[in-house]
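A.B. asks: The structure under discussion is supplied below as structure tokens; questions concerning it will follow.
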């Protein structure tokens, strides 16, 4: 899943043998367009059912595109989405609806769609490469379709979505441009499908959490569309916390607890009796003695420096010699390469439980991400097979699991620069929560996520400028998984239970 240089940047298109067949009532209204013609909306509607727990849930699956327009009414884009709506609902206007997307920027929704919340799921090998085709699609017992209708969105440049008519990539590929296009899509979808009175949720992963902060604020402020909740999966609202920017030490401090969790998993350091207590200890050191030592820079006394080196070695499993040469600062690429170097292996970034052979034992930085390599093929095959064979859509179109050639505009109106280092959207979430004091946020964190580490998310949430009475509206959850914690089935079951409870507790009106 390509998330934000943080998530799998996926490629290729493979095929997969399919399972479940749509009912005979399937209706396909897909149309072909002549080159240069005005884009037309396409759709295919099929009927299905799935057993979740003790209940049988019937649902409509709508694979479709919506035409996006500019202020002049000209078509500028064709946005693809997959919607699942429970077909036995007596009053759809009061049933919850969730809009779901991944990150990138430049990722389709295939990862959350086929790995977490859709009614069909690809099975993969946990913490290792999945064997080659044929892959296996199964009914997803942890789908959210029993508690909410679902609309999986592929932003323009991903999936089957693309600029069209008078549109170009520049109309969509930026923080605010992206939010504006999804604002238009969600507003139109809600209006066309009678969902204005429905409890509403945004569920985003990785850069999708960045998107959610901007989008929920925009929808509430510009469209008057109040939301019940936002789910942030593997969150990043403040990019400075992740980028090991020269002259800034915050990333080194916030990554340390995730380094420690990874070292424990790979048995590079002794297994603590209580992982939670151990990580609390590492957090305290990271933001205490370690932060103080880094702030001293070259003025740190030699004896204090030696004490910090020793402690870092105990927490990370890296040698004292290596840590001393690194000046106490080991960035992510270096950690991935060094942790298992003696075994000829590098450590995963999106999920540090994954490992892969190193290309060069003398390399300073990891050459690739073993987790991304392990799951790209299965997910790419799954989404391509499923949409074409079961949902009857996109037969002659290319599905871009990860968009290519996307030149993202990181600049924002009213903010200096335009570099990723300057990107901060915490203020958008603050404004949304203050304007709508009934808005709740749940944040999902993987202990083995080295793309968006949990301590960085904690730091960001602790530094939001919220009134005291709203701070309790943000709740953090933790999983024994990585960036895509749902790859680990016990974590997926826990994720489903947590989000279902979140929706259940926030979807009731006065």
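A.B. asks: Would you kindly state how much longer the chain becomes between residue 427 and residue 343 on full extension, computed as 0.36 nm times their sequence separation minus their alpha carbon distance, in nm to one decimal? Mind showing how you got there, number by number?
C.D. replies: Working: separation 84, 0.36 × 84 = 30.24 nm, distance 4.43 nm.
Contour length minus Cα-Cα distance gives 25.8 nm.
A.B. asks: Taking every pair of alpha-carbon atoms in segment 248-371, what share in percent sits in each 10 Å bin, from 0 to the bin with the longest distance?
C.D. replies: Over segment 248-371, the share of Cα pairs per 10 Å bin runs 14, 45, 33, 8 percent.
A.B. asks: If I model a spin label at residue 395 and residue 40 as a point 7 Å from the Cα along the Cα→Cβ vector, what separation in nanometres do I get?
C.D. replies: Between residue 395 and residue 40, the label points sit 1.5 nm apart.
A.B. asks: Something else about it: Can you bin every Cα-Cα distance in segment 360-446 into 5 Å intervals starting at zero and give me the percent of pairs per bin, rounded to whole numbers?
C.D. replies: All Cα pairs, binned at 5 Å, distribute as 2, 9, 10, 10, 12, 16, 16, 15, 8, 2, 1 percent.
A.B. asks: What does DSSP give for the chain in terms of the percent of beta bridges that are antiparallel, rounded to the nearest 5? Walk me through the numbers before you get to the answer.
C.D. replies: Values: 39 of 66 bridges.
Antiparallel bridges: around 60 percent, rounded to the nearest 5.
A.B. asks: Using a 10 Å cut-off around each Cβ, can you sort 470, 323, 387 from fewest to most neighbouring Cβ atoms?
C.D. replies: Working: 470 17, 323 20, 387 26.
Lowest count first: 470, 323, 387.
A.B. asks: Okay, moving on. Does anyone have the angle between helix 426-435 and the longest principal axis of the chain? Alpha-carbon axes, 0 to 90°, nearest 10?
C.D. replies: 50
A.B. asks: Could you tell me how many degrees, from 0 to 90 and to the nearest 10, lie between the Cα long axis of helix 175-192 and the main elongation axis, the longest principal axis, of the Cα atoms of the chain?
C.D. replies: Roughly 40 degrees between the two axes.
A.B. asks: Going by a ≥ b ≥ c, the root eigenvalues of the Cα gyration tensor, does segment 407-495 fall in the rounded group (a/c under 1.5), the prolate group (a/b larger than b/c) or the oblate group?
C.D. replies: Since a/c reaches 1.5 but b/c is at least a/b, the shape of segment 407-495 is classed as oblate.
A.B. asks: For the chain, find the longest principal axis of its Cα atoms and tell me its angle to the long axis of helix 489-506, 0 to 90°, nearest 10.
C.D. replies: 60
A.B. asks: Another question, then. Determine the calculated [θ] at 222 nm for the chain from helices alone, applying -39500 (n - 2.57) to every DSSP H run no shorter than 4 residues and normalising by the residue count; nearest 500 deg cm²/dmol. Don't jump to the answer; show the numbers that get you there.
C.D. replies: Working: 13 runs with 153 residues, N = 510.
Rounded to the nearest 500, the figure is -9500 deg cm²/dmol.
A.B. asks: For the pair residue 305 and residue 126, what calculated FRET efficiency results from E = 1/(1 + (r/R0)^6), where r is the Cβ-Cβ distance and R0 = 41 Å, to the nearest 0.05?
C.D. replies: Working: r = 40 Å, r/R0 = 0.97.
For R0 = 41 Å, the calculated efficiency reads 0.55.
A.B. asks: Here's a follow-up. Given R₀ = 56 Å, what would the calculated FRET efficiency be for residue 359 paired with residue 91, taking r from the Cβ atoms and rounding to 0.05?
C.D. replies: On the way: r = 58 Å, r/R0 = 1.03.
Efficiency computed from Cβ-Cβ geometry: 0.45.
A.B. asks: Which whole-number percent is the relative contact order of the chain (Cα, under 8 Å, 6+ apart)? Numbers along the way, then the final one.
C.D. replies: Values: 1095 pairs, mean separation 107.8, N = 510.
Here the relative contact order equals 21 percent.
A.B. asks: At 0.36 nm per residue, minus the direct Cα-Cα distance, what do residue 191 and residue 281 gain on full extension? Give it in nm, one decimal, please. Please list the in-between numbers first.
C.D. replies: Numbers: separation 90, 0.36 × 90 = 32.40 nm, distance 5.02 nm.
Taking residue 191 through residue 281 to full extension adds about 27.4 nm, to one decimal.
A.B. asks: Given points 7 Å out from each Cα along the Cα-Cβ axis, report the residue 54 to residue 273 separation in nanometres with one decimal.
C.D. replies: 4.1
A.B. asks: Sticking with the crude label model, points 7 Å out along Cα→Cβ, report the distance from residue 320 to residue 500 in nm, one decimal please.
C.D. replies: 5.2
Only the coordinates and a few stated rules stand behind these numbers; no lab work does. Since we're looking at a predicted model, the values are computed, not measured. All Cβ positions, glycine included, derive from the backbone under ideal geometry; neighbour counts span all protein chains shown.
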